[in-house]
1. When you scan region 154-170, do you find a residue that is within 11 Å of the ligand (Cβ to nearest atom) and assigned to a helix (DSSP H, G or I), even just one?
2. I'd like to check something: does region 41-60 contain any residue that is under 15 Å from the mean Cα position of the chain (by Cα) and either away from the ligand (no atom under 15 Å from the Cβ) or under 27 Å from residue 174 (Cα atoms) (or both)?
3. Exactly one of these conditions fails for residue 150: (1) away from the ligand (no atom under 13 Å from the Cβ); (2) assigned to a helix (DSSP H, G or I); (3) touching a strand residue (DSSP E or B) at 6+ places or on another chain (Cβ under 6 Å). Give me its number.
4. List every residue pair whose Cβ atoms sit under 6 Å apart, with the two residues 6 or more apart in sequence or on different chains, where the first one lies in region 153-170 and is touching a residue at least 40 places away in the same chain (Cβ under 8 Å) and the second, anywhere, is in a loop (DSSP other than H, G, I, E, B).
5. Could you list, ordered by first residue, the pairs with Cβ atoms under 6 Å in which the first is in region 83-95 and over 12 Å from residue 47 (Cβ atoms) and the second is part of a helix (DSSP H, G or I), at least 6 apart or interchain?
6. Residue 93 versus (1) under 28 Å from residue 149 (Cβ atoms); (2) over 13 Å from the mean Cα position of the chain (by Cα): which is the lone unmet condition?
7. Checking residue 144 against (1) in contact with a strand residue (DSSP E or B) (Cβ under 7 Å, 6 or more places away or on another chain); (2) more than 13 Å from the ligand (Cβ to nearest atom), only one condition comes out false. Which one?
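Every number in this text was worked out from the coordinates using simple rules, so none of it is lab data. Keep in mind the model is a prediction, meaning the values are calculated, not measured. Positions of Cβ are generated from backbone atoms using ideal geometry, with glycine treated the same way; all protein chains shown enter the neighbour counts.
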Ligand code: C5P
């Protein structure tokens, strides 16, 4: 089947989720937030009392295969009957996700689940390896960048607006540590696909980035 896929990959807090959601909304496509899956994997492993390291790779992968994960049409993320959207959004959950996502068996355990998101009329997939590994034949691959300073500032504003206190230099250190781990791992490291189009959003508004992605998409039709 020829189901259109748009991949949006890039480092932490580059705006992938926001851009992917808006592009999907305008095209009427579905959305895959692959980072949420790794966040759930990290959370589930923690709850099971497992250390997030190679020694527990097989156990975590088995656990992940059996997780009752569901995305509702209203974009809620359910684990069984529990809405875990808020629990997986913390910085700590992001760091845990980065740890379990470096384990190849855990990535393997999430493959089919991710492929199943490819349904008509189309899919916008955001993550780290959408264009390089999961959907190598995607019609459009965007690699979204932004300076570390800019990403830390966006994350800071996002947290403050939710009434969560935050420290901008600690946030920056955290996101740089997470990117370094994601780029240096051997299993599906974060890097642009060979045929990805690079887009630096540091000085662009959300609307400008969305417009650029949609324009590239139209050019490929
Ligand atoms: O995008 P998000 O910040 O939610 O991703 C959390 C973590 O999950 C990332 O830092 C990365 O380690 C991992 N991840 C991944 N592959 C993806 C999406 C996320 O390894 N496709």
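1. Step one: list which residues in region 154-170 are within 11 Å of the ligand (Cβ to nearest atom), which gives 155.
Okay, now just the ones that are also assigned to a helix (DSSP H, G or I), so 155.
Yes: region 154-170 contains one or more residues that are within 11 Å of the ligand (Cβ to nearest atom) and assigned to a helix (DSSP H, G or I).
2. If we filter region 41-60 for residues that are under 15 Å from the mean Cα position of the chain (by Cα), which is where we start, we get 41-42.
Next, only the ones that are either away from the ligand (no atom under 15 Å from the Cβ) or under 27 Å from residue 174 (Cα atoms) (or both) stay: 41-42.
Yes, there is a match, as at least one residue in region 41-60 is under 15 Å from the mean Cα position of the chain (by Cα) and either away from the ligand (no atom under 15 Å from the Cβ) or under 27 Å from residue 174 (Cα atoms) (or both).
3. Single failed check for residue 150: (3).
4. Going by the 6 Å Cβ cut-off, the qualifying pairs are 154/13; 155/13.
5. Listed pairs, sorted by first residue: 91/174.
6. Of (1) under 28 Å from residue 149 (Cβ atoms); (2) over 13 Å from the mean Cα position of the chain (by Cα), only one is false for residue 93: (2).
7. (2)
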